[in-house]
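The values are calculated or read from the model by the stated rules, or taken from the named source; none is laboratory data. These numbers come from a predicted model, not from an experiment. Neighbour counts run over all protein chains shown; Cβ positions are idealised from the backbone, glycine included. Heavy atoms of the whole protein, side chains included, go into the accessibility calculation; ligands, DNA and RNA do not. Shrake-Rupley method; radii C 1.70, N 1.55, O 1.52, S 1.80 Å.
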Amino acid sequence: MTKHSLLLGAALLALSPLPAFAADAPLLHPMFQDHGVLQRDRPIPVWGDAKPGESVTVTLGNAKVTAKAGKDGRWQATLPAQKAGGPFTLSAKSGSAEQSATDVLVGDVYLCSGQSNMEMQVRRSLDAWVETGTRANQPQMRYLNVERDTATAVKRTFGKPVNWQVISPQTVGDMSAVCYFFGREMRKLEDVPVGLINTAWGGSTIESWMPVEELRKQPDYEDDLSFLAKYDSNQSEGVRAFIGGWEKWWKKTGQPDYWREPFGQGDGWRDAPATFRPWETWGIPDMAAYNGIVWMRASISLTAEQAKSAVALHLGPADDLDVTWVNGTPVGSLYGPGDPRRYPLPPGTLKEGANTITVAILDGYGDGGLYGSAEAQAVELSDGALLTLPTPWQFKPTPVDTSLVPQAPWGTVNGLSTIHNAMLAPIGPYGVRAALWYQGESNTGRPVQYQSLLTGLMTGWRRQFGADLPFLIVQLPEWGYPQDKPMDSGWARLRESQRAAVAADPKAGLAVALGVGDWYDIHPANKQIVAKRLVRAARKVVLGEKIAPSGPIPASVTRSGDTVSVRFTDIDGGLKALSYHRPLGFELCGEGPGTCRFVDAELKGDAVTLPVGTGPAVRVRYCWADSPICNLQDSARQPPGPFEAVVK
């Protein structure tokens, strides 16, 4: 890590908007615990909290440094670089406290992040009964998992406990499969201790992992970031501002203002079953496979005293997104599938007599609606008492185009910077050798934008972990039933954005995951191959080997007479078309959508030739589908990734 990187790390700690020293705060930050791993061959930042003005002495082996706590109690010291080894004891001592972390190793630390395919556990991976057996005896490997959490502002420490674990058959089953298999393969290349930090959340978008400074550089986020800032300073004001925008969007659909209707008024409302469960299970034919917006409402009668003392509305778990009003007043909105809702009620929201609670619920996949028992829906009073909302609720499905429905920026898996603030920022400037990123499934609805978002994420994380931080990106594998004709594909377009972002970044490598996906399962089990392809990319961008990191790549696409030639480079050995005498998956296209056609390709050495025939030949696409069928590989069994290129 460079001196500049250390200064950036110190700046991150100094600028974090956090409370001053607390008497019960640990002397060492929670990243420094028993069984941890520190990054070798670079200065080691160590930090924590002490009484303001106290001197803190930090020791690791024979190294000793001293730091002084600031007015807010924060301190940071930098130990000199260490060679791989251990175990050591890391200790910090001030005039009033002392803390030690034992069995600490010095080696290589890798940060693993993304959504569910990074989160997926070893016990769910291919050949799990072997992988969780004796081969998981890895005393020189350690693992720290960051629990799911969100925050609307940057946090300096974790909201939920973290701890380092020694990897063993007893502990490995719940660890990230990609992260663990990658670390195990890297140890085969370099016999040094390995530390793995896993911070992942299933279903999360890339925006939720990005620092807010990088989101401000992107188009289309200005309004949502202003809502988020208001929400952070005053939750009720933020909710009103966001839902005001949501109401404007709804009015553009041409539908009535359902949040203004009292309970029992309006056409088309029906009684919902009294037992709360997903609407797909209600036994109502038109709800059995419904995805979209359903309006639901309930009514509760209160005394003047109850209305005055009400402090919150409970809705129980909801799936996926809700927007909620009480008597026409916005009170809350959250995207968080299955997360319970508790919305504060500003004074005056409720009144004596009948009160109407109206909820618009958007479900885009799987189950939808309000879950849990009927008792989970209630008005909370200041003394803690809960007044259950009477049943039956009423419901009204309202099909509209929901592709651009506004979503609250403080959501869980789709918030703006919210996961970054709580699950990444608290890691601080901890020494990391490389970051692994396996995410994108939740962004396939806006795939073109993903290139700039991924570039922004890498830029933002390098401010925290050092400007030289390498990134290893998993390109999305196939998913869904293969098609027999060319198609426009958000998955293919997002893969292209991943490829382009990595190609423009000399410190990034791409692991092409085609061939290891599952048509029927968005969580393919073969994480071992994904890890091995990440290791191949790491050999180039982390270890500096002269190796083709991501399989063959198109070097040129040219036309000569009646044929188009695609020449490949970065070939290990030679190209081959598996299980067929010709390459599959090549298309020639015109300018616009719907102009692509499959062509009978021919492999000649390092090039694939495509007959033009009578159709247009402006673009070439390869492996361009949600779940493409492609059969090119090189001698190292590395497939070319999907691509789209203009014919020259």
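Would you work out what percent of the accessible area of the chain, with all protein chains in place, is carbon or sulfur (probe 1.4 Å)? Could the numbers behind the result be given before it?
Working: 13360 of 26330 Å².
Exposed carbon and sulfur together represent 51 percent of the surface.
Which whole-percent values make up P(r) of region 290-386 when all C-alpha to C-alpha distances are grouped in 10 Å steps starting at zero?
Spelled out bin by bin, region 290-386 gives 17, 50, 26, 6, 0 percent.
Dipole of the chain, Cα-centred, from +1 at each Lys and Arg C-beta and -1 at each Asp and Glu C-beta, to the nearest 20 debye?
Numbers: 63 positive and 67 negative charges, 422 e Å.
Computed about the Cα centre, the dipole is about 2020 debye.
Based on Cα coordinates alone, diagonalise the gyration tensor for the chain, multiply each eigenvalue by 5, take square roots, and list the semi-axes in whole Å, largest first.
Numbers: eigenvalues 367, 297, 86 Å².
That gives 43, 39, 21 Å for the three semi-axes.
Which shape class applies to region 462-570: rounded if a/c is under 1.5, otherwise prolate when a/b exceeds b/c and oblate if not, where a ≥ b ≥ c are the square roots of the Cα gyration tensor eigenvalues?
The shape class here is oblate.
From largest to smallest, what semi-axes in whole angstrom does region 154-198 give when each is the square root of 5 times an eigenvalue of its alpha carbon gyration tensor?
23, 14, 10
Would you please state the base-10 log of I(q)/I(0) at q = 0.21 1/Å for region 508-594, with intensities from the Debye formula using one equal scatterer on every alpha carbon?
Evaluating at q = 0.21 Å⁻¹ gives log10 I(q)/I(0) of -1.18.
Only residues of region 161-193 count here: report those whose backbone N is under 18 Å from the spot 7 Å along Cα→Cβ of residue 572, or say none.
181-190
Taking every alpha carbon pair in region 390-539, what does the distance histogram look like in 5 angstrom bins from 0, in percent?
Using 5 Å bins, I get a P(r) of 2, 8, 14, 17, 18, 17, 10, 6, 4, 3, 2, 1, 0 for region 390-539.
Roughly how many debye, to the nearest 20, is the charge dipole of region 392-472 about its Cα centre, given +1 on each Lys and Arg Cβ, -1 on each Asp and Glu Cβ, and no other charges?
Working: 5 positive and 3 negative charges, 23 e Å.
About 100 debye.
Take the eigenvalues of the Cα gyration tensor for region 239-333, scale each by 5, and report the square roots as semi-axes in whole Å, largest first.
Working: eigenvalues 107, 73, 40 Å².
Those come to 23, 19, 14 Å.
Report Rg/Rh for region 54-187, rounded to two decimals, where Rg is the Cα radius of gyration and Rh the Kirkwood radius. Intermediate values should be presented prior to the final figure.
Working: Rg = 17.9 Å, Rh = 17.4 Å.
Looking at region 54-187, the ratio lands at 1.03.
Take the Cα atoms of region 480-533, find their three principal axes, and give me the spread along each one in whole Å, biggest first.
36, 28, 14
Taking the Kirkwood radius as the inverse of the mean 1/r across Cα pairs, report the Rg/Rh of region 420-477. Mind dumping the intermediate values first?
Values: Rg = 12.2 Å, Rh = 12.5 Å.
So for region 420-477, dividing Rg by the Kirkwood Rh gives 0.98.
Could you compute how fast region 390-430 diffuses translationally, taking Rh as the Kirkwood radius over C-alpha pairs and applying Stokes-Einstein at 10 °C with viscosity 1.306 mPa s? Give it in µm² per second. Walk me through the numbers before you get to the answer.
Details: Rh = 13.8 Å.
Calculated translational D: 115 µm²/s.
With Rg and the Kirkwood Rh both taken from Cα atoms, where does Rg over Rh land for region 371-442?
On the way: Rg = 20.2 Å, Rh = 17.6 Å.
With Rg and the Kirkwood Rh in hand, the quotient comes to 1.15.
Let me have the relative contact order for region 24-182, percent, based on Cα pairs under 8 Å that are six or more residues apart.
Working: 335 pairs, mean separation 38.3, N = 159.
Reported relative contact order: 24 percent.
Report the charge-dipole magnitude of region 130-170 in Debye, nearest 20, computed about the Cα centre from +1 at each Lys and Arg Cβ and -1 at each Asp and Glu Cβ.
Values: 6 positive and 3 negative charges, 32 e Å.
Here the size comes out at about 160 debye.
Let me have the 222 nm mean residue ellipticity of the chain computed from DSSP H runs of 4+ only, each contributing -39500 (n - 2.57), with the sum over all residues rounded to the nearest 500. Write out the running numbers ahead of the final one.
On the way: 11 runs with 119 residues, N = 648.
Mean residue ellipticity, 222 nm, calculated: -5500 deg cm²/dmol.
If I model a spin label as a point 7 Å beyond the Cα along the Cα-Cβ vector, how far apart are those points for residue 547 and residue 188 in nm?
In this crude spin-label approximation the distance works out to 1.1 nm.
What percent do you get for the relative contact order of the chain when only Cα pairs under 8 Å and 6+ apart count? All intermediate terms of the calculation are to be shown ahead of the outcome.
Details: 1603 pairs, mean separation 86.2, N = 648.
This gives 13 percent for the chain.
Return the ratio Rg/(2.2 N^0.38 Å) for region 318-449, where Rg is computed over Cα atoms only.
Details: Rg = 18.5 Å, N = 132, 2.2 N^0.38 = 14.1 Å.
Taking N as the residue count of region 318-449, the ratio is 1.31.
By what distance, in whole Å, do the Cα atoms of region 171-266 stretch along each of the three principal axes, largest value first?
69, 35, 26
So what are the three principal axis dimensions of region 549-617 from its Cα atoms, in whole Å, longest to shortest?
Largest first, region 549-617 extends 35, 24, 24 Å along its Cα principal axes.
Once the piece of chain linking residue 237 and residue 606 is laid out straight, how much longer is it, given 0.36 nm per residue of separation minus the C-alpha distance between them?
On the way: separation 369, 0.36 × 369 = 132.84 nm, distance 6.12 nm.
Difference between extended and current length: 126.7 nm.
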